[in-house]
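Beneath this line is the structure, given in structure tokens, with notes to follow.
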Amino acid sequence: MNEKALIEEDHYENTNLRDNTIVVDENIVYQVPKTLKDADFHYCPGCAHSVVHRLIAEVIEEMDIQSETIGIAPVGCAVFAYNYLDVDMTEAAHGRASAVATGIKRVLPDKYVFSYQGDGDLAAIGTGETIHTCNRGENILIVFINNGIYGMTGGQMAPTTLVGMKSTTSPMGRDAITMGNPLKITELVAELPGTYYVTRQAVYKPNLVRRTKKAIRKGFELQKDKKGTCFIEVVANCPSNWKMTPIESNHWLEDNMIPFYPLGDIKTPDGRAK
Amino acid sequence: MSEAKLMKGNEALAEAAIRAGADAYFGYPITPQSEVLEYLSREAYQRTGMIILQAESEIASINMVYGAAGTGKKVMTSSSSPGISLMQEGISYIACAELPCLIVNVNRGGPGLGTIQPAQGDYFQSVKGGGHGDYHLIVLAPSTVQEMADFVKLSFELAFKYRNPVMILTDGALGQMMEKVKLFPQQPREDIIQGWETIGKPEDRPSNVITSLHIQPDKMEEINLHLQKKYREIEKNEIRVEKINCDDADYIITGYGLVARICQKAAELARDKGYKVGVVRPITLFPFPYQTYFELADKVKGILDVEMNAGQMVEDVRLAVNGKIPIEFHGRMGGIVPTPEEILEALEKKIIGGAE
Ligand SMILES: Cc1ncc(C[n+]2csc(CCOP(=O)(O)OP(=O)(O)O)c2C)c(N)n1
Ligand code: SF4
Ligand SMILES: [Mg+2]
């Protein structure tokens, strides 16, 4: 008999379901992290933002760094990240999160500082701040949610929108000649000497969620080295503005986004860059 | 205690920032104020550990200020007109989030890229808000290199007292000219934790959030009402104005900053000619000394407002006297500094001649 079955058998022998004594500390294998506030996410069902929020909260809890962590929320769907993540947070102007993070980290160099930004925020209006923050090698973690669209404002074209992909401002599909090509900013920042750890992850499958969590943990831990910027892209879905069900959006992401935005480490501290 | 030194206005301001115990400066070069960043880069970190960072733009600078100010540190930036225009979005966020900080504007001639010569064309932008939404900075207008230094300390005091951004509004001439300054002694850098800062949440307090986003209209109105209440409080407590020879005056010349000194010279020339002329120099541009002008309007025959712009503060002077006496304007633009003689001429022509 495997371990799980043993535990279950044990339960039925020793607990009285009617008294709800099944929910006791020794039985708990998974619960809401202490670092998430008691609030319902406003994100659309199936949206990757919720998953990544939870992963960040889990990492902060597991590393026991809640009291040493300061987050920066973007302008984008994640603007209310501070309503969920139970850490001190500052809400930045659109695109400026990494400059705000720089200001905080420079005066509090021993704290853990992370920014959480969408693709419009980080790779369009905030491109300058993103590149210069990474180039200076600020010892912060940047979590970059690339859903190929402006989620919050209702589905306009983002710098990361794929060629041919429809949005409200590329209704016939993105045309590279008149609208430009999607920007692979993650590869771009990996070229900069200031970045320390650059990786691209996704959360549309359980094993990928686990990998993303590991990357986030690494991104926080590496801040202790003070050797440069950690940059984690999460290729994400936006079921609402892609006009798909959550499941469809995950399939579409796998079939279309991942070939253009391949997953994996792009730069690692030990030099095993891809 | 304090030594007298011959210093450029910009350098005196930078030195004062170090001595005031400032924790960080984020800025981007622009004439005529680059000496602030240069001076600080040379010695601030070595002397007090003050963080100095040359950002990639004024947009980045002001957002670095926003982040660092949110930790409760004494933080500042400086720039000149075009750079200050770029900062306006960030300043609006800082004002709404109620973060203390110092922003220095060494005003140059505009609009556009304009000129690197001194001007006062940024009065409206500085005292009426500047960015989007209803907010005010506390605006101090030094008229000597001494005040360039002293107002840095005062700015940080006011910024923390009211949790409000403070602007020192000066100009390219004051920034560049050398005068004797008595510097105040070095103050320690110290953490003043008031409880709202984002510095990492201990277990026993809820998380601190710095934001200017209040999506519910009633909440956003509440925030606005709170800000307005604070501005009224600032108006009650913090008006600073200098009145020179106003007691027996028949006429007043008024101006702020460098211009106030030229006005003083013009007033002396006028007195030599037998006219009783006084000078009013607003030191705080927000809050503005409306009452001073209102009261003088019962005693004097007219006021000449002099500015290095097309007439901005004059609107507040007119508002203050509410039509009781004539208010005339004399201005130079494009980086030209008015002379005492031309001010006297304008006074004689527009005010004394007009009143008699
Ligand atoms: C200066 C400024 N310009 C434009 C906007 C409007 N705006 C809000 S969110 C957003 C796009 C956000 O898209 P993204 O960063 O991809 O985040 P997502 O919602 O997709 O997660 C825009 C354009 C703004 N708030 N501020
Ligand atoms: S609009 Fe898109 S990005 Fe925003 S919450 Fe909904 S699914 Fe997520
Ligand atoms: Mg997006």
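Points to keep in mind about this one:
- Hits in segment A:40-70 - residues which are of a type in the set (A, V, I, L, M, F, W, C), surrounded by 20 or more Cβ atoms within 10 Å (Cβ to Cβ) and more than 16 Å from ligand 3 (Cβ to nearest atom): A:55, A:56, A:57, A:59, A:60, A:70
- Meets criteria (under 14 Å from residue A:59 (Cβ atoms), among the basic types (Lys, Arg) and open to solvent by 30 Å² or more (accessible area, probe 1.4 Å)) for residue A:205: no
- Filter pass, residue B:12 being under 17 Å from residue B:150 (Cβ atoms), open to solvent by less than 10 Å² (accessible area, probe 1.4 Å), hydrophobic (A, V, I, L, M, F, W, C) and assigned to a helix (DSSP H, G or I): yes
- For segment A:140-161, the set of residues classified as more than 13 Å from ligand 2 (Cβ to nearest atom) and over 30 Å from residue A:228 (Cβ atoms) consists of A:157 only.
- Boolean, residue A:131 is more than 12 Å from ligand 1 (Cβ to nearest atom), under 19 Å from the mean Cα position of the chain (by Cα), of a type outside the set (D, E, K, R) and open to solvent by 30 Å² or more (accessible area, probe 1.4 Å): yes
- Residue match in segment B:184-191 (condition: modelled with pLDDT under 95, part of a loop (DSSP other than H, G, I, E, B) and within 12 Å of chain A (Cβ to nearest Cβ)): yes
- When B:81, B:85 are checked against the criterion of being under 25 Å from residue B:121 (Cβ atoms) and in contact with an Asp or Glu (Cβ under 8 Å, 6 or more places away or on another chain), a single residue qualifies: B:81.
- Residues in segment A:126-172 that are within 12 Å of chain B (Cβ to nearest Cβ), within 16 Å of ligand 3 (Cβ to nearest atom) and within 25 Å of residue A:197 (Cβ to Cβ): A:126, A:127, A:130.
- Some residue of segment B:267-280 being of a type in the set (D, E, K, R), closer than 23 Å to residue B:146 by Cβ and surrounded by fewer than 17 Cβ atoms within 10 Å (Cβ to Cβ): yes
- In segment A:219-272, the residues that are assigned to a loop (DSSP other than H, G, I, E, B) and farther than 25 Å from residue A:162 by Cβ: A:226, A:227, A:228, A:268, A:269, A:270, A:271, A:272
- Just so you know, in segment B:21-39 the residues that are crowded, with 24+ Cβ neighbours inside 10 Å and of a type in the set (A, V, I, L, M, F, W, C) include one that is farthest from the other protein chains (Cβ to nearest Cβ), and it is B:36.
- Residue in segment A:97-109 that is in a loop (DSSP other than H, G, I, E, B), away from ligand 2 (no atom under 16 Å from the Cβ), over 30 Å from residue A:243 (Cα atoms) and assigned by TED's automatic domain parsing to the domain that holds residue A:212 present: yes
- Scanning segment A:134-146 for residues that are within 13 Å of ligand 1 (Cβ to nearest atom) and open to solvent by 10 Å² or more (accessible area, probe 1.4 Å) yields no hits at all.
- Flag for residue B:303 being in contact (Cβ under 8 Å) with a residue 40 or more places away in the chain and part of a strand (DSSP E or B): yes
- Qualifying residue in segment A:64-73 (condition: within 13 Å of chain B (Cβ to nearest Cβ), touching a Cys at 6+ places or on another chain (Cβ under 9 Å) and part of a loop (DSSP other than H, G, I, E, B)): no
- Output for segment A:81-97, where each listed residue is buried (at least 22 other Cβ atoms within 10 Å of the Cβ) and either away from ligand 3 (no atom under 15 Å from the Cβ) or facing another protein chain (nearest Cβ under 7 Å) (or both): A:82, A:84, A:85, A:86, A:87, A:88, A:89, A:90, A:91, A:92, A:93, A:96
- Counted residues, segment B:299-356 - those being among the small types (Gly, Ala, Ser) and open to solvent by 20 Å² or more (accessible area, probe 1.4 Å): 7
- Any pair with Cβ under 8 angstrom, 6 or more apart, that starts in segment A:69-83 at a residue that is within 14 Å of residue A:101 (Cβ to Cβ) and ends at one that is within 11 Å of ligand 3 (Cβ to nearest atom): A:74/A:117; A:74/A:118; A:74/A:121; A:74/A:122; A:81/A:74
- Top-ranked residue in segment A:110-121 [being in contact with a Ser or Thr (Cβ under 9 Å, 6 or more places away or on another chain) and either assigned to a strand (DSSP E or B) or surrounded by fewer than 24 Cβ atoms within 10 Å (Cβ to Cβ) (or both); ranked as nearest to the other protein chains (Cβ to nearest Cβ)]: A:111
- Filter pass, residue A:190 being within 16 Å of ligand 2 (Cβ to nearest atom) and more than 14 Å from every other protein chain (Cβ to nearest Cβ): no
- Subset of segment B:157-183 (residues that are in a helix (DSSP H, G or I) and open to solvent by less than 50 Å² (accessible area, probe 1.4 Å)): B:158, B:159, B:160, B:162, B:172, B:173, B:174, B:175
- Residue B:87 being closer than 21 Å to residue A:74 by Cβ and open to solvent by less than 10 Å² (accessible area, probe 1.4 Å): yes
- Condition check for residue B:288 on (1) open to solvent by 50 Å² or more (accessible area, probe 1.4 Å); (2) outside any strand (DSSP E or B): one failure, at (1).
- Hey, residue B:259 within 30 Å of residue A:100 (Cβ to Cβ), buried (at least 17 other Cβ atoms within 10 Å of the Cβ) and either of a type outside the set (Phe, Trp, Tyr) or touching a Phe, Trp or Tyr at 6+ places or on another chain (Cβ under 7 Å) (or both) or not: no
The values are calculated or read from the model by the stated rules, or taken from the named source; none is laboratory data. It should be emphasised that the depicted structure is a prediction, and the values quoted were computed from it without experimental measurement. For neighbour counting, all protein chains shown are included, and Cβ atoms are generated from backbone atoms with ideal geometry for every residue, glycine included. Heavy atoms of the whole protein, side chains included, go into the accessibility calculation; ligands, DNA and RNA do not. Shrake-Rupley method; radii C 1.70, N 1.55, O 1.52, S 1.80 Å.
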